[in-house]
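Novice: Mind having a look at this structure? Questions to follow.
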Amino acid sequence: MKFFLSIFLLCLTQNFSAQQTDPESEKFLKMVEQSLNAFYADYANSTDYDSVMQALNYEANEIPSFSDEVYCMRMAKMDNISPFDFQCNEPSLASVKFFVEQRRNFARIVLGRSALYFDLFEETLDKYEMPLELKYLAVIESGLRPQVRSHAGAMGLWQFMYGTGKYFGLKENTYIDERMDPVLATDAACRYLKKLHGIYDDWYMALAAYNAGPGNVNKAIRRSGGKTTYWGIRSFLPRETQGYVPNFIGAAYLLTYHKEHNIIPAPAKIHHAQLDTICMKGGISMQKISDLIGWDVADIKTLNPIYKRNFIPETTPRQCISGPLEVIGILVSRENELYVVPVPVIDTNEILAEIEKNKVDDDEVGKIILVDPSKQGKVQTHVVTRGESLGSISRDYGVTVEDIRAWNALSSTKIFVGQKLKIGGKKKEYKAEPVVRHYRVRSGDNFSFIAKRHGLTTTQLKKLNPGINIDKLKVGQQIRVK
């Protein structure tokens, strides 16, 4: 449904693009967009909780209790409509009880987050003709938090290690980490799981290999005497992997029967169906987007976890960001404003105040004023007018720019309207003190990145920091950049 409605809106936009100045056309397009947004909002908020909860008639904080027979009956129903073997054995039953008793709040939070991710997971799993129940794997991997990092360095919803992510095409650089991108990481996880299933021809074996690596699964097969099912090799697997599949079963059960256990999802900030995407024309900071359209930087990062910093780099193909339909609609119409370099505004009041401060009469501006030689020597005074520079003034008087700077102790060539300049007399020494600037090292910085950020080569940065070990930068350390 979303696909056809999006195509419909796209066609309407193209048909009316040549008539954007026509108020009737704009009014019609606005009406269509509002209708589409309303449809997605209704879809996102549709739920059968009210009727189900009324039928169950639970108290607000009641924790229902069921017999093992009920648990096994429900797992049998799950087994009947799934290629997974949801058998009610001792490990899986123990995991189900643990989840329904000890992981209730976790389930509530995950169910709230699932509104943003489960449709995406199911769409991708369906594309690869894989069981939709695999969406629960991301629940036990990351709790549906795309920016979570494990103690071993695995990242994202599907917890890819760097090497595995790179093997499946997930890129990483200073600005982006595709392991944290929900769309790219989900596609990579599906390809990885499909490959593992092709090796073992068993989904639980594929899950075990996803967790422990194919090498550990192959060792367990040999140690078990050649058994090729998860339950047959389970005792020979690493301890974490022995609990991995039971945890998957426990999570799948609880998220399937959460209503029966009186677990109501936490409110979802946004549903996957309410998202739209724009691919940026150039590199831009999230703060600039926020300043332009009022989209909070924290919300931009939440919906676009691929970006390691608050900056969207310019790449080929373009980098894209996702956000609420109405927000992206505004950004599409105003994106060009992001790349406009602001023109300095001349404060005429400030200029007039400066002229008044120096007591310059209107009829004297631009004239050469003779100064009494008996008091200051042979000196002339020039009052700067609009459009003049030290270069043009020096040519008028037949002197050099350096002469004027020396006579007036100017540290730069900048002058302002109404400024009085001495021409002639004793030269004063001026010194332009070198500006020294430092940069404080942040997490993830390296010497090359710092140099590039400040328009330097690595060699130039090394010369500015002769005593710094460039291979062992510390967070908070100060690096000279000028």
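Novice: May I ask you to list the residues of region 270-286 whose amide nitrogen lies under 17 Å from a point 7 Å from Cα along the Cα→beta-carbon direction of residue 174?
Specialist: Once the point is set 7 Å along Cα→Cβ of residue 174, 283-286 turn out to lie under 17 Å by backbone N, inside region 270-286.
Novice: Still on this structure, I have one more. Say the cut-off is 25 Å between C-alpha atoms; which of 127/166; 127/195; 77/227 go over it?
Specialist: Values: 127/166 22 Å; 127/195 15 Å; 77/227 27 Å.
Cα-Cα > 25 Å for 77/227; rest within.
Novice: Please give, to one decimal in nm, the separation of the simple spin-label points placed at residue 386 and residue 413, each 7 Å out from Cα toward the Cβ.
Specialist: 2.3
Novice: Under a point spin-label approximation (7 Å from Cα along Cα-to-Cβ), what is the residue 296-residue 457 distance to one decimal in nm?
Specialist: 4.6
Novice: Return the Cα extents of region 58-256 along principal axes one, two and three, sorted largest first, each rounded to a whole Å.
Specialist: 51, 47, 32
Novice: What's the FRET efficiency of residue 438 with residue 285 using the Cβ-Cβ distance as r and R₀ = 22 Å, to the nearest 0.05?
Specialist: With a Förster radius of 22 Å, E is 0.50.
Novice: Under a 5 Å amide H to amide H cut-off, with H placed in plane at 1.01 Å, what residues pair with residue 276 once short-range neighbours are removed?
Specialist: Those qualifying (amide H under 5 Å, at least 5 residues apart or on another chain) are 323, 325.
Novice: A further question follows. On a 30 Å Cα-Cα criterion, which of the cross-link pairs 171/474; 135/301; 452/472; 135/452 come out too long?
Specialist: 135/452
Novice: Here's something else I'd like to know. Modelling each spin label as a point 7 Å along the Cα-to-Cβ direction, I'd like the residue 102/residue 240 distance in nm, to one decimal.
Specialist: Result for the modelled spin labels: 1.8 nm.
Novice: Please say if region 119-235 is rounded, prolate or oblate, where rounded means a/c under 1.5 for a ≥ b ≥ c the square roots of the C-alpha gyration tensor eigenvalues, and otherwise the choice is prolate for a/b larger than b/c and oblate otherwise?
Specialist: On the way: a/c = 2.09, a/b = 1.55, b/c = 1.35.
In terms of gyration-tensor shape, prolate.
Novice: What are the residues whose amide H is under 5 Å from the amide H of residue 439, where those residues sit 5 or more places off or on another chain and H is modelled from the backbone?
Specialist: 479, 480, 481
Novice: Applying the Karplus parametrisation 6.51 cos²θ - 1.76 cosθ + 1.60 with θ = phi - 60° to the phi angles of region 104-112, what ³J(HN,Hα) value in whole Hz is obtained for each residue in order, glycine and proline being reported as x?
Specialist: Ordered by residue, 3J(HN,Hα) equals 5, 5, 4, 5, 4, 5, 4, 4, x Hz.
Novice: Further question: Highest mean first, how do 326-334, 105-113 rank when packing is the count of other Cβ atoms within 10 Å averaged over residues?
Specialist: Result, highest mean first: 105-113, 326-334.
Novice: Let me ask something else. Could you derive backbone 3J(HN,Hα) for region 298-304 from the dihedral phi with the Karplus parameters 6.51, -1.76 and 1.60 (θ = phi - 60°), listing whole Hz in sequence and x where the residue is Gly or Pro?
Specialist: Once θ is set to phi - 60°, the couplings for region 298-304 become 4, 6, 4, 5, 4, 8, 9 Hz.
Novice: Could you pull the Cα extents of region 63-143 along its three principal axes, largest to smallest, in whole Å?
Specialist: Projected onto its principal axes, the Cα set of region 63-143 covers 37, 28, 18 Å.
Novice: Can you pull the semi-axes for region 238-292, root of five times each eigenvalue of the Cα gyration tensor, sorted largest first, whole Å?
Specialist: Equivalent-ellipsoid dimensions as semi-axes: 39, 20, 10 Å.
Novice: Subtract the Cα-Cα distance of residue 333 and residue 314 from 0.36 nm times their separation in residues, and report this length gain in nm to one decimal.
Specialist: Length gained between residue 333 and residue 314: 4.9 nm.
Novice: Taking the highest mean first, how do the peptides 301-314, 467-480, 387-400 order by number of other beta carbon atoms within 10 angstrom per residue?
Specialist: 301-314, 387-400, 467-480
Novice: Note the full-extension length gain between residue 191 and residue 149 as 0.36 nm times their separation in residues minus their Cα-Cα distance, in nm to one decimal.
Specialist: Numbers: separation 42, 0.36 × 42 = 15.12 nm, distance 2.14 nm.
Going from the current span to full extension adds 13.0 nm.
Novice: At 20 °C and 1.002 mPa s, what whole-number value in µm²/s does Stokes-Einstein give for the translational diffusion of region 222-347, with Rh from the Kirkwood sum over Cα pairs?
Specialist: Rounded, D is 112 µm²/s.
Novice: May I ask you to compute the full-extension gain from residue 122 to residue 85, defined as 0.36 nm times their residue separation minus their alpha-carbon distance, rounded to one decimal in nm?
Specialist: This chain segment gains 11.4 nm when fully extended.
Novice: Return one quarter of the surface area of the convex hull spanned by the alpha-carbon atoms of region 438-480, equal to its mean projected area, in nm².
Specialist: 2.6
Read-outs: derived from the displayed coordinates by stated rules, not from any lab. Predicted, not measured: the structure shown is a model, and the values here were computed from it. When we count neighbours, we look across all protein chains shown, and the Cβ atoms used for this are built from the backbone with ideal geometry, even at glycine.
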